[in-house]
Structures are given as structure tokens and as C-alpha cells.
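Colleague: Got a structure for you, questions after.
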Amino acid sequence: MRLLLVEDDPGLRREVVPRLAAAGFAVDEADNGVDGEFLGTEVDYDAVVLDLGLPDRDGLQVLRNWRGRGLGLPVLILTARGAWFEKVEGFKAGADDYLAKPFHVEELVARLLALTRRGGGQEGNRMTRGDLTLDDDEHTVTINDTTPVALSPMEYGLLRLLMARCGRIVSKDALAEHLYDESAERDSNVIEAHIRRLRLKIGSERIETLRGQGYRLRDAGP
Ligand code: CA
């Protein structure tokens, strides 16, 4: 999952980014509203964490501009504690969720995982498609309620994306865009290798290769 963090407090970014990475997010950072808005229009992010008090352009304006351009990406705003009017303004501008500062990083991670699970089968911290159940806390997959299988961070990220787009073709470029942050070297051979390992774990027939187009997770188990 590719995440954009727009926050001008470097201390907060230093605290939050490693924990988001550990939860499976590839994180891009912006420290002002203008750069943040630009990145949000350029990259197909799975979610955005948007501080409201930002240099160059405030967060509410950034959000209004995205929504004005028809961008529906999930946005969680960071508000000042006790500033209820910020939350109201944020929701009016198109925010999907909010968190008041100071917050616990665990809560931020839980809210982001919930935001990126919306729109499909879900229950608590799990995402289900057919007979596959993915656990966002444990990074495991369960097939037909059997023993959970542990996934590497990359396998988890790949499977989560394929499950979120179950039955649809996901190109290698799209997989790379969602799995790597902007600083990472992208190599499609690496994605192929991770797909191979994922197939060994969940059954090779579940992930179809469509030559020249990408991959598709079959709707239900065989
Ligand atoms: Ca700020």
C-alpha cells in the first residue's frame, strides 16, 4: 500500500514513518502543502495522511483542490486537539477520517488499514475474498479456515492489492506503484519473484498471469 504523509513536523514524521513501514505501507513524504498536493495528483495513493496546518498551502485547501479535481483517494486529516471546527471543516472539504494530535501511532495505523479495507469484504482487522482471509495485524493468509500462513512484507502487500482488486487485472506497473515509495528502485523481475513465492503459499492457480497485462486474483478458490 502506497501512502502519502503530508506533515511539516520532522519529529512527527521520524516517529511515524518507520511504524507505517512496519505495518506494510510504502511511504512518500511532503513537508508543505504545495508539494503534497502535487504528489497526490501524480501518484495513485492508497491513502493520505494530511496535516491541516502546513506551510505554503494549508491542508484544507489541498484537500478541496483534490476533491475539486475529482480525486477520490482516502484522506485522513490530522487536527489540533479540541479544535472541533477543524474536523467539521475537514469533513466538509472531503476528508474520510481524522485524528487529533497528539495521537498514538497504533491508532493511526489501525485507522489507515480500515480506510484502505473499505469497499470490500472485511471484518475487524481482516479482509476476505472467496476462501482467502488476510490478517492485517499478523500479516498472514488463511485458506478455507486452515492454519494461517505467514507472509513476507512484500507478499503481504502484493496479496492485499490483488485481493482489493479481486477479479480485475492489475498491471506490474500498478503493483510497483503501490508497493514501492518514490525513492525505491523498481524492478519488475523482483515483483515476479515475489509472485512466484506467493503462489507457492496460496496455490499457483489462484493468481493468473495475463501476458503483457499483469496479474489477476481468481474470484474464489478452486
Ligand atoms: Ca503542522
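Values in this text are rule-based calculations from the coordinates and carry no lab data. Keep in mind it's a predicted model, so treat the numbers as computed, not measured. Here the Cβ is made from the backbone with ideal geometry for all residues, glycine too, and neighbour counts use every protein chain on show.
Colleague: Under a Cβ-only charge scheme (Lys and Arg +1, Asp and Glu -1), can you give me the dipole magnitude of the range 153-222 about the Cα centre, in debye to the nearest 20?
Modeller: I would put it at about 420 debye.
Colleague: While we're looking at this one, here's another question. Counting Lys and Arg as +1 and Asp and Glu as -1, each charge on the Cβ, what is the dipole of the chain about the Cα centre in debye, to the nearest 20?
Modeller: Charge dipole of the chain: 860 debye, to the nearest 20.
Colleague: Another question, if that's okay. Given a Förster distance of 35 angstrom, what is the FRET efficiency for residue 84 paired with residue 189, based on the Cβ-Cβ distance and rounded to 0.05?
Modeller: For residue 84 and residue 189, the calculated efficiency is 0.10.
Colleague: Residue 199 to residue 118: FRET efficiency via 1/(1 + (r/R0)^6), r the Cβ-Cβ distance, R0 30 Å, to the nearest 0.05?
Modeller: My answer for the efficiency is 0.65.
Colleague: Can I ask one more? Which of 14, 196, 118 moves most in a GNM of the chain, Cα contacts under 10 Å?
Modeller: In the Gaussian network model the winner is 14.
Colleague: Rank 156, 130, 194 by how far each Cα sits towards the positive end of the charge dipole of the range 112-222 (+1 on Lys, Arg Cβ; -1 on Asp, Glu Cβ) and give me just the farthest.
Modeller: About the Cα centre, the residue reaching furthest to the positive side is 130.
Colleague: Another question, then. State the dimensionless ratio Rg/Rh of the range 119-222 (Rg: radius of gyration of Cα atoms; Rh: Kirkwood radius).
Modeller: Result: Rg/Rh = 0.94.
Colleague: Also, I was wondering about something else. Can you tell me which of 108, 200, 175 moves the most in a GNM of the chain? Springs connect C-alpha atoms under 10 Å apart.
Modeller: In the Gaussian network model the winner is 200.
Colleague: Which shape class, rounded, prolate or oblate, goes with the range 164-209 when its Cα gyration tensor gives a ≥ b ≥ c as root eigenvalues, a/c under 1.5 marks rounded, and past that a/b bigger than b/c marks prolate?
Modeller: Oblate.
Colleague: Using only DSSP helix segments of four residues or longer, with each worth -39500 (n - 2.57), what per-residue ellipticity at 222 nm results for the chain after dividing by its residue count and rounding to 500?
Modeller: -12500 deg cm²/dmol
Colleague: What order do you get for 131-137, 15-21 when each peptide is scored by the mean count of other beta carbon atoms within 10 Å, highest first?
Modeller: Order by mean packing, descending: 131-137, 15-21.
Colleague: Out of all Cα-Cα pairs in the chain, roughly what percent, to the nearest whole number, are more than 31 Å apart?
Modeller: Here the tail beyond 31 Å accounts for 23 percent of pairs.
Colleague: Also, I was wondering about something else. Hey, which lysines would be in cross-link range of residue 87, C-alpha to C-alpha under 24 Å, not counting anything within fewer than 8 residues on its own chain?
Modeller: 101
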